[in-house]
Amino acid sequence: MASANSAAPEFDRLERETVDHLFVLQPGYAVGLGLHEYDGRVPDLSPAATERWSSGADRLLKRLAEVDLEGLSEKRRVDAFLLRLLLESPLFDLRDAEELDRNPMSYVGSVSLTPYLAREYAPAERRVAAMVEVLHQVPRLLEQGRSRLQERLPKPFVDLSIIMGGGLPAHFVEAEAFAARAGLREPFAAARATAESSVASFLDWLRSEKLLKAVPEFALGGERYQKLLFVREGIEVPFDEVRKAGAADLARNQARLAEIAREEKTTVEALLGRLHQNHPSAPDLLPTARTYVEETRRFVETKRLVTIPASPAVRVEETPSWGRALSTASMNPPGPFDTTTSEGIYFVTPVDPKWTPVQAEEWLRSFNYSMLRNVTVHEVYPGHYLQFLHFRQFPGSLVRKVYLSASFVEGWAHYAEQLAIEQGLGRESPVAEVAQIHDALLRDCRLLVSVGLHTEGMSLEEATALFQREGHFERLPAEREAIRGTFNPEYFCYTLGKLAILNARHRFLDSRFGGNLASFHDALLAFGCPPIGLLDALIEGRPSVGSKG
C-alpha cells in the first residue's frame with residue numbers, strides 16, 4: 001500500500017501506521033478491501049490483546065492531535081479527521097458499546113470463508129490454505145468468547161448468534177467442496193472437523209448457559225448513541241434532529257403512497273397487495289435478477305445518470321448458507337486494492353428447500369418483480385456495485401481508500417432507488433414506485449426504531465408494531481427488523497445518507513454543477529466513501545472536519 005504524495009512526510013507515516021494498526025484488529029476488513037496479505041488471519045480478541053490495541057490507538061490519536069493542520073493541504077486535513085474516526089470508531093465498540101463483552105455475534109461473525117470462495121483472485125491452493133488457516137483459529141477465537149462474554153447477555157444477541165452459528169457447518173461443507181475440486185480435501189477436512197466441533201460446543205454453551213440467563217436490556221442510551229453518530233459519521237447535531245428528519249421523510253413517503261392509491265382508485269392495502277401478487281417462481285428468481293442487472297445498466301447509460309467505469313461485470317449467485325439468516329440480497333464488490341478483477345457478486349437469497357409451501361410463497365411475494373428490480377437498483381446499478389467501481393478508480397489517499405462510511409455507502413444505494421423512479425424506471429406500472437416507497441418506509445422505520453430502542457426506552461414489541469403500522473409490514477418481518485435494531489443501531493444509515501445526498505443535490509446541483517445530474521453524481525462518487533457528515537464541506541471544498549473531543 002503506497003501513501004499519497006504529501007508535503008508532510010511525517011503525516012504520511014502516521015497515516016500508514018494508523019491503517020496498519022486498524023487491520024491488526026480487523027484483518028477481515030483488509031481482505032474485503034483486496035489486501036490479500038491479510039488472508040487467513042483471525043483477530044486476537046482476548047482482553048490482553050484488545051487492551052494492547054486500544055492503548056496503541058490512544059497513542060496514535062495523541063500523535064494525530066499534535067499534527068499541525070495548518071501545514072497540511074485542505075485534503076490532508078480531511079484525511080487527518082478520517083484517521084481519527086478510523087481509530088475512535090473501534091474504540092467506541094470496545095470501550096463504550098462493549099461489543100466483545102456483550103455480543104456473541106462478534107465471535108461467530110468473525111468466521112467467514114466467503115472472501116476466499118467468491119473470487120478467483122489467486123490459485124485455488126493459496127485460497128484453500130487461507131481457509132484452512134482460518135479454521136485452525138476458530139477454537140481459539142470461540143474460547144476467547146466463552147471466557148470474555150459477560151454472565152448476562154442481551155437475549156436478542158444470543159438468539160441471533162445461535163442462528164448465525166447454526167449456518168456455519170453448511171458454510172464449511174460448501175468450502176470443503178471447493179477444496180475437494182482443487183484436490184485439497186484432506187487438509188481442509190481435518191481443519192473443518194475441529195472448527196465444526198468448536199462451533200457446536202460454543203452454540204451448546206450459548207443455549208445451555210447464556211440463553212436461560214439472557215436479559216432484555218441492550219440499549220446504548222442517549223450519550224453513547226450521540227457519540228455513535230459522531231464516530232461513525234462525523235455528525236454532531238443532536239440525535240433528536242436526526243429522528244425528526246426521519247419522521248418527516250416517513251410522512252412524505254406515506255403521503256405519496258396514499259396519493260398513488262387515490263390515483264388508482266384503491267386503498268394503500270390493496271395497492272400493496274397488488275405489488276406482492278406478481279412474482280417469479282423459485283427457479284426463476286436468480287435468472288430474473290440477472291435480467292434486471294442488464295436492464296438497470298442500460299437505463300443508467302441511456303439516461304446518463306452517472307458514469308459507468310470501463311469493464312463492468314456482475315455475477316448473480318445464491319447467498320451463502322451462513323449469511324441467509326440476516327440477508328435478503330447483498331453485493332460483494334471488488335475491493336479498492338483488488339487489481340485482479342472488477343467483478344461484483346450480487347447475492348440473492350433463494351427459497352429454502354426445507355420451507356413449507358406457504359413459507360416459500362411468502363418469501364417469493366417479498367421478491368415480487370417490482371421489489372426485485374428495486375433491490376437490483378440498490379445493489380448493482382446505479383447502487384453499490386457502480387459506487388465501488390468508482391471507489392476502485394478513485395485516486396485518493398490511503399485513508400480514503402480504506403474509510404467506508406455506512407451512511408455514504410447505503411445512503412447512495414438508497415438514493416439510487418429514488419433516483420431511478422424519478423428518471424422513469426418502471427414507469428409503465430405504478431407498482432414500481434410503490435415498491436420503491438415500500439422500501440423507503442422500511443428504512444424510515446429503521447431510523448425511528450434505532451433512536452427509539454436505544455434512547456427512548458422503546459420495547460421490541462413497540463418497535464415491531466411501528467414497522468407494522470407505519471411501514472405496512474407483516475408480523476414476522478416486522479419482528480425481524482425490530483430485533484436487528486437491538487444490535488445494529490447503525491441501520492439508520494440508509495435514510496440518513498439518502499437525506500444528506502438529497503439535501504446536497506438541492507443545494508448544489510444548479511449552483512455548482514449546472515443542473516447536470518451526471519456531473520453531480522460523478523463528483524459525489526469521486527470523494528470515496530467519507531463520513532456523511534462531511535458531505536457538504538467536501539462539495540464546497542472547505543476543510544470543516546468536526547471538533548468533538
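Quick note: the coordinates plus some simple rules give every number you see, no bench work behind them. This is a predicted model, so every value here is computed, not measured. Positions of Cβ are backbone-derived with ideal geometry, glycine not excepted, and every protein chain shown enters the neighbour counts.
Of L425, Q468, T486, which is farthest towards the positive pole of region 225-499's charge dipole, taken about the Cα centre with +1 and -1 on the beta-carbons of Lys, Arg and Asp, Glu respectively?
Going by the Cα projections, it comes out as L425.
What number does region 315-436 give for Rg over Rh if you use C-alpha atoms and the Kirkwood radius?
Values: Rg = 16.2 Å, Rh = 15.9 Å.
Rounded to two decimals, Rg/Rh equals 1.02.
Would you please classify the overall shape of region 209-356 from the alpha carbon gyration tensor, given that a ≥ b ≥ c denote the square roots of the eigenvalues, rounded means a/c under 1.5, and beyond that prolate means a/b larger than b/c while oblate covers the rest?
Details: a/c = 1.31, a/b = 1.16, b/c = 1.13.
In terms of gyration-tensor shape, rounded.
Which order, highest average first, do 94-100, 531-537 follow once you tally other Cβ atoms within 10 Å for each residue and take the mean per peptide?
On the way: 94-100: 15.9, 531-537: 23.0.
Per-residue Cβ counts within 10 Å, averaged per peptide and sorted highest first, yield 531-537, 94-100.
Residue by residue, what Karplus-based ³J(HN,Hα) values in Hz, rounded to whole numbers, does region 419-431 have, using 6.51, -1.76 and 1.60 with θ = phi - 60° and x for Gly and Pro?
Calculated HN-Hα couplings, in order: 4, 4, 5, 4, 8, x, 5, x, 4, 5, 9, x, 5 Hz.
From the phi of every residue in region 396-406, what ³J(HN,Hα) in whole Hz does the Karplus formula 6.51 cos²θ - 1.76 cosθ + 1.60 yield, where θ is phi - 60° and glycine or proline is x?
Calculated HN-Hα couplings, in order: x, 6, 4, 5, 6, 6, 9, 6, 10, 7, 4 Hz.
Relative to the compact-globule scaling 2.2 N^0.38 Å, provide the ratio for the alpha-carbon radius of gyration of region 1-157. Mind dumping the intermediate values first?
On the way: Rg = 17.7 Å, N = 157, 2.2 N^0.38 = 15.0 Å.
Normalised Rg, Cα atoms only: 1.18.
To the nearest 20 debye, what charge dipole does region 9-222 have about its Cα centre, counting +1 at the Cβ of each Lys and Arg and -1 at the Cβ of each Asp and Glu? Before the final figure, lay out each step's value.
Numbers: 27 positive and 34 negative charges, 88 e Å.
Dipole about the Cα centre, nearest 20: 420 debye.
Of all the C-alpha pairs in region 225-499, what % are more than 29 Å from each other? Write down the numbers at each step before the final one.
On the way: 12379 of 37675 pairs.
I get 33 percent for the Cα pairs in region 225-499 exceeding 29 Å.
Order these peptides, 372-381, 353-362, 106-115, by their mean beta-carbon neighbour count within 10 angstrom, highest first. Could the numbers behind the result be given before it?
Working: 372-381: 26.9, 353-362: 11.3, 106-115: 21.6.
Highest to lowest by the protection proxy: 372-381, 106-115, 353-362.
In whole Hz, what ³J(HN,Hα) sequence does region 474-482 give by Karplus (6.51, -1.76, 1.60; θ = phi - 60°), x for Gly and Pro?
Result, rounded to whole Hz: 5, 4, 4, x, 5, 4, 4, 5, 5.
List the relative contact order of the chain as a percent without decimals, with contacts defined as Cα pairs under 8 Å and 6+ residues apart. Write down the numbers at each step before the final one.
Values: 757 pairs, mean separation 94.8, N = 549.
Reported relative contact order: 17 percent.
The list [x] 23.0, 67; [y] 36.8, 126; [z] 34.8, 117 gives values of Rg and Dmax of the Cα atoms in Å, and only one came from this structure; which label was calculated from it?
Checked against the structure: label [x].
Quick one: if you take sqrt(5λ) for each eigenvalue of the C-alpha gyration tensor of region 366-472, what semi-axes come out, biggest first, whole angstrom?
Values: eigenvalues 150, 106, 15 Å².
Semi-axes, largest first: 27, 23, 9 Å.
What value does region 284-338 have for Rg/Rh, both radii from Cα atoms and Rh as Kirkwood defines it?
Working: Rg = 13.6 Å, Rh = 13.4 Å.
Result for region 284-338 is an Rg/Rh of 1.02.
Write down the percent of antiparallel bridges among all DSSP beta bridges whose residues are both part of the chain, to the nearest 5. Don't skip to the end; give the middle numbers.
Values: 4 of 11 bridges.
Among the beta bridges of the chain, antiparallel pairing accounts for roughly 35 percent.
Among the listed pairs K265/K498; K62/K244; K155/K354; K303/K498, which have their C-alpha atoms separated by more than 24 angstrom in this model?
On the way: K265/K498 30 Å; K62/K244 36 Å; K155/K354 26 Å; K303/K498 20 Å.
Beyond 24 Å: K265/K498; K62/K244; K155/K354.
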